[in-house]
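First up is the structure itself, then whatever we jot down about it.
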Amino acid sequence: MSEHGPIMTVFTSEPRSLVPEILAARLNAINDVDWSDAIESLERIEPAAVITEVPAGRVDVFTQLAERIAVQQPYVPLIVLNPTTPLPLHALPLAAVNGDADRLIARLNAALRVRALHDTMLRRIADQPTLARSCPDADPLQDASVLLLGRGGGYSALSVALGEQLGLIGALSMEAAAKHLNARDVDGIVIGEGFSDRVLEGFLCVLSEDPRYRNLPVVAPATRRRKYDLPNLEFATGAPETVIASALPLIWQRALEQRIIRTLRSIDADGLIDARTGLLTPIAFARDFAAAVKQSQARGASLSVARFTFADSEPREQCDAARMVSRLMRRMDLGTLHEDGTITAVFIDAGERNAGAIAKRLASVMKHTVYSARRGTRLDPHVTVETLAAGDTAESLLARLTGLARRAAAS
């Protein structure tokens, strides 16, 4: 891990914390500094990651250090051991006890992987400066969705508190949670009260054994078994504010990682893929759709277009639905998210019946997994399908689809 660069540690514990000693036994480049020169050391060492604590009576110094780290490029992970107050979004909490070296190393490894991805993205953008303007720069949490599991009275309070800041998917059982995980991408899992230790431990074991979920942020009540191959697992119980304080920084890092991955895919496609949705940009879609219509007409092949519209939806929900379409539709198909929040999907070599079945399946998944910002409601997409006719152009087919959608909405 030392190839990522030096690791800086800052502690005030007396005797000095064992953390530098633990890290030094595993790594080569450890720089243990005092709070008195932490800011200066940050500029001098240029660390790949910082591991620290919130010093008693010195919260202002910690805040200054955290602010300096937040603006570093590429991303510099900041891991804070045993925090007693809410942390900035970019500061990762770790409830550590003696002998927890494995958890610390795993958390550090996972965070450094995000740093490496960010470094790659910055390098690729530098090589293609015209693509930099299309890269999202808003708070990654705006695109984040979290899966909430729980039962009992605390579930409602936790869902309200999380739903104010994130896209929320609720599940009252582990079985329902598994279905959601298989159907869509999430940026974290928060497990509330209401599950026995046996059920909770079984769920955590399943997550740790599946590489798709191993690096997901998971915040769960403490269990008797603490050894899981989940580097971003954190244990938290109590008031919703306490659970959310542990969850948000980890979810923020995951959302940042997913945004970087989508941006890299966009760069690979010369900016033709929207980094937020994974679908084509509207300009690229118009070009590819026109080519697909011409090819289908020349071959006498089928082609259908579906329009998904959403009543009273927010941009986050529309983007969430678009990412779901990007994930589930066939590789041969294409789609885009329009500025008005509608989604258009083109199904190559698909007649009206086949395209209608595909579109209904996509709409059903959206309806049951994308929750509206309005509490207790879900996204309810309206689907309109139109099929290529002889003599059609891309413009005439889209015009017919748009008119059909408007008439259906007015009826």
Open item on the list: Suppose we filter region 275-298 for residues that are crowded, with 21+ Cβ neighbours inside 10 Å, in a loop (DSSP other than H, G, I, E, B) and at pLDDT 90 or above; how many remain?
Closed with: 1
- [ ] Go through region 356-371 and count every residue that is free of Cβ contacts under 8 Å to residues at least 12 places away in the same chain and either over 29 Å from Ser159 (Cβ atoms) or of a type in the set (Phe, Trp, Tyr) (or both).
- [x] 1
- [ ] Can you tell me which residue within region 299-332, out of those that are over 25 Å from the mean Cα position of the chain (by Cα) and in contact (Cβ under 8 Å) with a residue 60 or more places away in the chain, is surrounded by the most Cβ atoms within 10 Å (Cβ to Cβ)?
- [x] Ala306
Open item on the list: Give me the residue from region 69-121 that is among the charged types (D, E, K, R) and crowded, with 18+ Cβ neighbours inside 10 Å and, out of that set, farthest from Thr263 (Cα to Cα).
Closed with: Arg103
TODO: Answer yes or no: is there a residue in region 227-246 that is free of Cβ contacts under 8 Å to residues at least 24 places away in the same chain, β-branched (Val, Ile, Thr) and outside any loop (DSSP other than H, G, I, E, B).
DONE: yes
Task: Sole residue being among the hydrophobic types (A, V, I, L, M, F, W, C) and more than 19 Å from Met332 (Cβ to Cβ), chosen from Ile273, Ile267 - done: Ile267
Open item on the list: Please go through region 230-258 and give me each residue that is among the charged types (D, E, K, R) and either modelled with pLDDT of 90 or more or within 24 Å of Ser208 (Cβ to Cβ) (or both), ordered by number.
Closed with: Glu234, Arg254, Glu257
Open item on the list: I'd like to check which helices (runs of 4 or more DSSP H) are fully inside region 24-127 and have at least 1 residues that are under 25 Å from the mean Cα position of the chain (by Cα).
Closed with: 59-70, 101-127
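The values are calculated or read from the model by the stated rules, or taken from the named source; none is laboratory data. What you are looking at is a predicted structure, and each value in this text was computed from that prediction instead of being measured. As a convention, Cβ positions derive from the backbone with ideal geometry for all residues, glycine included, and neighbour counts pool all protein chains shown.
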